[in-house]
Amino acid sequence: MKSQWSDSELQKVLLAAKKVDQNTDIATRVYTTRLLGCDPELVLHGGGNTSVKTVTKTMDGTLVNSICVKGSGWDMGTIESAGLPALELEPLRDLVQMDTLSDIDMVREQRQLLLDSSSPNPSVEAILHALIPAKYVDHTHANAVVAITNQPEGEKLIRELYSDSIIVPYVMPGFDLAKTCARYLADNPNATSMVLMKHGIFTWSDDARTAYEEMIELVDRAEKKLAEGNSTPFRSVDIPKNLATPAQIVPLLREALAQPPSLDGKANRLIMVHRANEEILHFCNAENLPSLVSRGNATPEHVIRIKRKGVALRAPEPDKLVAFFNDVKVAVSAYIEDYKNYFERNNKRAGGALKMLDPVPCVFYIAGVGLFAVGKSLKAAEVAADIAEATINVITKAEGMDAFEPLNEEDLFDLEYWSLEQIKLSPQVALVTGAAGGMG
């Protein structure tokens, strides 16, 4: 991975900011956030976040020590200054002193600290950003880093790779994660980076370029480590010479998904996106594909886009589409039943008050043909396809070194049914009931 930093481009950004009397710290933060967000190997669809500590002038002219952190609903690749809501810094940092803080209360407390009440909800990791003792803080869910953390010996490998970094075991995002990281930060005052196991990586500095380029250097180091492994780790099944085309397959998948009604009692009318390249096909042709697509997600927040599992299907032949369609129907029915069981056992563990989400699959992995991602809109289907493709990349890299071992079922369920993640899919939920920006 290479730095995309450009002094000339930054100067253009700063010149434009000065013309409209915009805070140059925030303008710089927008520039570097976009650098990170435009690379899908670092950030996908709302994942990751950034912040800058600065001084903000209020409407009455008062100067306030503040932190501007990525807001809910904003994509890092296209972010504007409005996507970095400003909060009072010291009171936000002080929230970590509380013994407990519920999700709803955390959202309320953070909104009360906004310097502009019309701003979007700050990231649920805003408190953690406030605790990090540097002006610029960058956080990504880099494929290469999570490919290493999602292995049986992941922590050992990460400690060897990043001997100067803080390494934090997986903790549910939000207030609990901020409390945990506060202890690690206090014990490591000279650190400039932190890896959250099975989640992502932070870098920070008082200089924007230094924070950004340390992120790039650390991810590059992970990529080079992964390059030592096998880039094609899967033994392939035999693929027929004649394969059905995506155009022949899509109607069959859609019909199978339309049979069970969705939770609102209506038939599932879904859009599909097909992806196929060398890496995707190598993955879809794997002998152990059913196992690979059933283990879990590359990084936890992906569960809200593609669920915990996908569906593996054999290669379809054009003269055997009736048999293939029967396989699809059986697979979809089994998936739905498995999802219902998954929900029931975890809902019971969580207290029994949750409402089950739509149990139909979001991604099909078909030998010889590629992946098919499902959504209720073209955008949703494309997001699912992007995430499924990133998941393939992470699994392939992890399996090339050892084995892909993601978060357990319980942790992924807690993310899938976390109100602060679900708001990404249901933006109409009231602010006071947990309308925050998930792990983004």
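The values are calculated or read from the model by the stated rules, or taken from the named source; none is laboratory data. Predicted model, so just to flag it, every value in this text is computed and none were measured. Cβ sites come from the backbone with ideal geometry, for glycine too, and all protein chains shown count toward neighbours. For the accessible areas, the whole protein counts, side chains as well, though only heavy atoms, and no ligand, DNA or RNA atoms are used. Shrake-Rupley method; radii C 1.70, N 1.55, O 1.52, S 1.80 Å.
In a simple Cβ point-charge model (Lys, Arg +1; Asp, Glu -1; nothing else charged), the range 268-377 has a dipole of about 600 debye relative to its Cα centre. Entry note, the chain: the mean residue ellipticity at 222 nm calculated from DSSP H runs of n ≥ 4, each adding -39500 (n - 2.57), is -13000 deg cm²/dmol after division by the residues and rounding to the nearest 500. In the full protein context, the range 361-406 carries 26 Å² of accessible surface per residue, based on a 1.4 Å probe and ignoring ligands, DNA and RNA.
For the range 215-355, the solvent-accessible area of protein heavy atoms averages 52 Å² per residue (probe radius 1.4 Å; ligands and nucleic acids excluded). Cross-link partners for Lys329 among the aspartates and glutamates, with Cα-Cα distance under 15 Å and sequence neighbours closer than 8 places in the same chain left out: Glu255, Glu337, Asp338. What whole-number distance in Å separates the alpha-carbon centres of the range 52-94 and the range 334-405? Centre-to-centre (Cα) distance: 34 Å.
Summarising the label geometry, the points placed 7 Å from Cα in the beta-carbon direction at Met98 and Val64 lie 1.8 nm from one another. If I model the chain as equal point scatterers sitting on the Cα atoms and use the Debye formula, what is log10 I(q)/I(0) at q = 0.06, 0.11, 0.13 Å⁻¹? These q points yield log10 I(q)/I(0) values of -0.26, -0.87, -1.17. For the chain, hydrophobic long helices are taken as DSSP H runs at least 24 Å long by C-alpha position along their axis with mean Kyte-Doolittle hydropathy of 1.6 or more; none is present. So which of Lys348/Lys397; Lys70/Lys156; Lys18/Lys179; Lys376/Lys397; Lys12/Lys53; Lys348/Lys379 end up more than 28 Å apart by C-alpha? Exceeds cut-off: Lys348/Lys397; Lys70/Lys156; Lys18/Lys179; Lys376/Lys397; Lys348/Lys379. Once all protein chains are placed together, Leu113 keeps about 20 Å² accessible to a 1.4 angstrom probe. Sorting 386-397, 327-338 by their mean Cβ neighbour count within 10 Å, with the most densely packed peptide first, gives 386-397, 327-338.
Pick from Ala323, Ala286, Ala315: which residue has the top mean-square fluctuation in a GNM of the chain where Cα pairs under 10 Å get a spring? Ranking Ala323, Ala286, Ala315 by mean-square fluctuation puts Ala323 first.
Remark: the range 1-141 is approximated by an ellipsoid whose semi-axes, taken from the C-alpha gyration tensor as √(5λ), come to 25, 19, 12 Å, largest first.
Around Asn277, with a cut-off of 14 angstrom between Cβ atoms, what is the net charge of the other residues, counting Lys and Arg +1 and Asp and Glu -1? Could you put the intermediate results ahead of the total?
On the way: positive: Arg275; negative: Glu278, Glu279, Asp386, Glu389.
Here the charged neighbours net out to -3.
Compute the Rg/Rh shape ratio of the range 282-359: radius of gyration over Kirkwood radius, all on alpha-carbon atoms. Intermediate values should be presented prior to the final figure.
On the way: Rg = 15.1 Å, Rh = 14.4 Å.
Checking Rg against Rh, the ratio lands at 1.04.
Listed peptides 92-99, 354-361, 208-215 appear in the order 208-215, 354-361, 92-99 once ranked by packing, highest mean of other Cβ atoms within 10 Å at the front. In the full protein context, the range 35-144 carries 38 Å² of accessible surface per residue, based on a 1.4 Å probe and ignoring ligands, DNA and RNA. Here the accessible area is traced with a 1.4 Å probe on the protein chains. For the chain, carbon and sulfur cover 50 percent of it.
Considering only the other residues whose Cβ falls under 15 Å of the Cβ of Arg183, what net charge follows from Lys and Arg at +1 and Asp and Glu at -1? Residues close to Arg183 contribute a combined charge of -1.
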